[in-house]
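The values are calculated or read from the model by the stated rules, or taken from the named source; none is laboratory data. Because the structure is predicted, anything quoted here is derived from the model rather than measured. With ligands, DNA and RNA removed, areas are computed over all heavy atoms of the protein, side chains included. Shrake-Rupley method; radii C 1.70, N 1.55, O 1.52, S 1.80 Å.
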Amino acid sequence: ADTVGLFDTVTYYIEEDDCEEQVRIATSLRRDPFKNIISKESPLGSAIMGRRVGDRICVKVSDDYSYYIVIKNIEKGTDDESLEIRKF
């Protein structure tokens, strides 16, 4: 219950930018980066899944670029109809 899971909203601190951001974790079909809803398979999503408040995590974007974040808050969520399924 205290780890990041699917549909949770996570507030995290980006060390190199000295700022906080918030995302919601969803499946690939429900991601919407314009609404800060990211896929659990994305670099950030996969890095924070299963982590806890206070964890310092390296997010590897590519072989040449990574950055560190610290999880500040986890708001537990559920699958609901507010998350549209993307059409291909």
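Points to keep in mind about this one:
- Close Lys-Lys pairs in the chain, where close means Cα under 23 Å and separation is 8 or more or interchain: 9
- Value at 222 nm in deg cm²/dmol, rounded to 500, when DSSP H runs of n ≥ 4 in the chain each add -39,500 (n - 2.57): -1500 deg cm²/dmol
- Between amide H atoms placed 1.01 Å from N, distances below 5 Å from D8 occur with I25, G77, all of them 5 or more places distant or on a separate chain.
- Volume of the Cα convex hull of the chain, divided per residue and given in Å³: 96 Å³
- Difference of contour (0.36 nm per residue) and Cα-Cα distance, N36 to V61: 7.3 nm
- Our summary gives the chain a relative contact order of 36 percent, counting only alpha carbon pairs under 8 angstrom and 6 or more residues apart.
- Residue-normalised accessible area of the chain, given per residue in Å² at a 1.4 Å probe: 65 Å²
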